[in-house]
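Following: one structure in structure tokens, then a few remarks.
The values are calculated or read from the model by the stated rules, or taken from the named source; none is laboratory data. All values reported here derive from a predicted model rather than from experimental measurement. Neighbour counts run over all protein chains shown; Cβ positions are idealised from the backbone, glycine included. For the accessible areas, the whole protein counts, side chains as well, though only heavy atoms, and no ligand, DNA or RNA atoms are used. Shrake-Rupley method; radii C 1.70, N 1.55, O 1.52, S 1.80 Å.
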Amino acid sequence: ETPVEAPPVQAEAARVAPALAPSPATQTPTFQPRQILVETDHYLATFTTMGGRLISLRLKDYADAYGGPVELMPADGAGIGLSLGGKSLEAHEFVADKSGLVLSGSELGELVFSCDIDGATLKKRLWFQGDRYRVDMRVEAGSAQNLGGLGVSWIGALTDTEGDLQHATYSTIVT
């Protein structure tokens, strides 16, 4: 499918991304969550320090029905969350090492979220490149691994950006 030219988008450090819907098990945070914006040539990714999660992913190269960038995260979804010992870390503060990134062309950037849990530090490292959609991630558990198994989660699915499932193509292989 041919991408639709979307209007140019400038870095928006103060942009308000969709709110993260707390799950029933989520505790009220004892800190003020902040949003961290990563802007590349192709997308705007908004993370929250509440759980160090991705809460918005807007594609600049594709326009939605209103002419703005396509949003891939549903309003009640959040990506790249962590759990430790079967317990969600969604309500924990993950301190970001910077307030945001703006990358273009072949520029590389790293964003690190750190969380202290029972005296152990957990780090989520994310690498971005200005002219690529790809994001690399590494989780460093250190002594936190002694607190139980480490899990990665994604709440909700990607948003249906097509809006017309009648024209979707499905195939099944029968043997």
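Table for the structure above
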| read-out | value |
| --- | --- |
| Listed residues L59, L126, L150 arranged by accessible area, highest first, probe 1.4 Å | L150, L59, L126 |
| M137 accessible area, 1.4 Å probe, all protein chains in place, Å² to nearest 10 | 80 |
| Virtual spin-label span in nm between S114 and W154, 7 Å along Cα→Cβ | 2.9 |
| Reachable lysines from K123, criterion Cα separation under 21 angstrom, eight or more residues apart if same chain | K87, K98 |
| Gain in span if fully extended, W127 to S83, counting 0.36 nm per residue against the direct Cα distance | 13.8 nm |
| Segment A65-E140, extension gain: residue separation times 0.36 nm, minus the distance between their alpha carbons | 23.0 nm |
| Cβ-derived FRET efficiency at R0 30 Å, T30 paired with V102, nearest 0.05 | 0.45 |
